[in-house]
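Every read-out reported here was derived from the displayed coordinates using simple, explicitly stated rules and does not represent laboratory data. All figures in this text were calculated on a predicted structure; none of them were measured in a lab. With ideal geometry, Cβ positions are generated from the backbone for all residues, glycine too; neighbour counts draw on all protein chains shown.
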Amino acid sequence: PLAIQAVSVKYEESPYDKDFTSAMIPKLEYGALVKALGELGKCPALTGGEALVGGVPQLPATLPEDHAENEDFLKKLHVILFDLHLVEGKLVCPESGREFPVNDSIPNMLLNDDEV
């Protein structure tokens, strides 16, 4: 997975849906999500974050066994998956070091002419 170098992150609250959030778990690479969350936590600018009591939610290092019934975990996961948005920054390939800029929440994944 690409590493995140966030310059600006935006929080926008969306309606919580326990069933939908729970259904997303099998589709996740949980370890990569935890790593990405750690990288987002280094972001110097979080707009809309005043609504996040206690700051950006933290997830346990491993997926809890009771995750489907753990309401607190599912609410945190919902915020991370659906309410936090990378606005400005870079996505960096850990293997090649190639950087893909993100501007106005849109990643530019196009290759340069010399990379084609």
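Just want to confirm a number: the relative contact order over the chain, from Cα pairs under 8 angstrom separated by 6+ residues, in percent.
That works out to 38 percent.
Identify the residues of the stretch 18-42 with backbone N under 17 Å of a label point that sits 7 angstrom from the Cα of SER105 along the Cα-to-Cβ direction, or state none.
What the label zone holds, given the 17 Å backbone N cut-off, is no residue at all.
Please report, to two decimal places, log10 I(q)/I(0) for the chain at q = 0.10, 0.13 Å⁻¹ as given by the Debye formula with identical point scatterers on the Cα atoms and no solvent.
Cα-only, vacuum Debye calculation for the chain: -0.33, -0.55.
Can you spot the aspartates and glutamates whose alpha carbon is less than 15 Å from LYS76's alpha carbon? Ignore those fewer than 8 places along the same chain.
GLU12, GLU13, ASP17, ASP19, ASP66
Between ALA32 and GLU50, what is the spin-label point distance in nm, taking each point 7 Å from the Cα along the Cα→C-beta axis?
3.6 nm
Please list, by residue number, everything in the stretch 73-99 whose backbone N is under 13 Å from a paramagnetic label point 7 Å out along Cα→Cβ of LEU59.
73-84
How large is the direction-averaged shadow of the alpha-carbon convex hull of the stretch 25-67, in nm²?
The Cα convex hull of the stretch 25-67, projected and averaged over all directions, gives 3.9 nm².
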